[in-house]
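Okay, so here's the structure we're looking at.
The values are calculated or read from the model by the stated rules, or taken from the named source; none is laboratory data. Predicted model only: the values in this text are computed from it and were never measured. Here the Cβ is made from the backbone with ideal geometry for all residues, glycine too, and neighbour counts use every protein chain on show. Surface accessibility is based on the protein's heavy atoms, side chains included, excluding ligands, DNA and RNA. Shrake-Rupley method; radii C 1.70, N 1.55, O 1.52, S 1.80 Å.
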Amino acid sequence: MKVIKAKDYEDLSRKAANIISAQVIIKPDSVLGLATGSTPLGIYRQLIEWYKKGDIDFSDVTTINLDEYRGLSPGNDQSYHYFMQENFFRYVNVPKDRIHIPDGEDPDSDRACRDYDVIIKKAGGIDLQLLGIGRDGHIGFNEPGAAFGLETHCVDLAESTMAANARFFGDKDKVPRQAYTMGIKSIMQAKKVLMVASGREKAEIIRDAILGPVTPQVPASILQMHPDFTLVIEREAASLI
Ligand code: GLP
């Protein structure tokens, strides 16, 4: 595990964007596993800026997002399809047919998840997986207790996750109760994993994930076992490690 400390959020965003940029320069047809949440926003802004300057080209890149709320259409402004479109894809040149996000509208959860695993395999696996971390240690939407051996599956969101995400929906009752997410096994199969964490509210869970025992109760703790795991962390989030 490599831990890279950043002095603030801007620094974190630039450092993590540099790692993604280096990946795409070294392997232009990289398969990037992408993440939502507020933490990666600065990374996407930085990558867009470098793209506009001509410093990075996504024309051969494939992207595979971690997760999507079950039941939300791509046009719903709270869906992760919408998030990715508005915060990244509309500004860069990832070809549309190489952008993959679980189909939250597919009511057949087994089919939706199976299809997604096929997409990941057909792409040749993920070269670099970007991750945030939930306050309860979730990665993607793999909540505490999630089996480490799962690939893409449908999850019931934890109450604490719905509460944390209520800020985007205005009201906790509007937060979907389920999501389709890549599993821990899918994440661990990525060749490289890059996690970003920012803010004092992540300090305890980062301490538990990085220094505590590897346990399904802290899903992110499994990353201690990944052969190529990098954590880019801002000072406040790193205050307990
Ligand atoms: C959501 C996403 C996660 C993300 C988490 C933390 O639950 N499914 O992938 O890591 O939020 O988000 P934030 O970065 O806003 O704290």
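Some observations on this one:
- Computed with a 1.4 Å probe over protein heavy atoms only, the accessible surface of region 76-234 comes to 44 Å² per residue.
- Highest GNM mean-square fluctuation among MET225, MET84, MET162, for the chain modelled with Cα contacts below 10 Å: MET225.
- For the options ALA166, ALA158, ALA179, a Gaussian network treatment of the chain with springs between C-alpha atoms closer than 10 Å singles out ALA166 as fluctuating the most.
- With coordinates expressed along the principal axes, the C-alpha atoms belonging to the chain extend over 43, 42, 35 Å, beginning with the largest.
- Think of each Lys and Arg Cβ as +1 and each Asp and Glu Cβ as -1; about the Cα centre, that makes the dipole of the chain roughly 700 debye.
- Shape category assigned to region 108-158 from the gyration tensor of Cα positions, a/c cut at 1.5: oblate
- Accessible surface of the chain [probe 1.4 Å, protein heavy atoms]: carbon and sulfur percent: 50
- Given 11 as the ceiling on other Cβ atoms within 10 Å, longest exposed-site-free region of the chain for trypsin sites (Lys or Arg not before Pro) in DSSP loops: 54-241
- The loop-placed GluC sites (Glu not before Pro) in region 108-216, going by DSSP, include none that has at most 15 neighbouring Cβ atoms within 10 Å of its Cβ.
- For the residue pairs LYS121/LYS191; LYS27/LYS191; LYS2/LYS122; LYS5/LYS121; LYS15/LYS172; LYS27/LYS185, the alpha carbons lie more than 22 Å apart in LYS2/LYS122; LYS5/LYS121; LYS15/LYS172; LYS27/LYS185.
- If you run the Gaussian network model on the chain, springs between alpha carbon atoms under 10 Å, then out of ASP173, ASP156, ASP228 the most flexible one is ASP173.
- Cα gyration tensor shape for region 163-203, rounded if a/c is under 1.5, else prolate or oblate: oblate
- Pairs of Cα atoms nearer than 8 Å and 6+ residues apart set the relative contact order; for region 1-137 it is 30 percent.
- Radius of gyration (Cα atoms) of region 99-227, expressed as a multiple of 2.2 N^0.38 Å: 1.05.
- Entry note, region 167-231: relative contact order of 34 percent, from Cα contacts under 8 Å with a spacing of 6+ residues.
- Computed packing ranks the peptides 138-147, 211-220 as 138-147, 211-220, most packed first, by mean other Cβ atoms within 10 Å.
- Under the criterion of Cα pairs below 8 Å and six or more residues apart, the relative contact order for the chain equals 25 percent.
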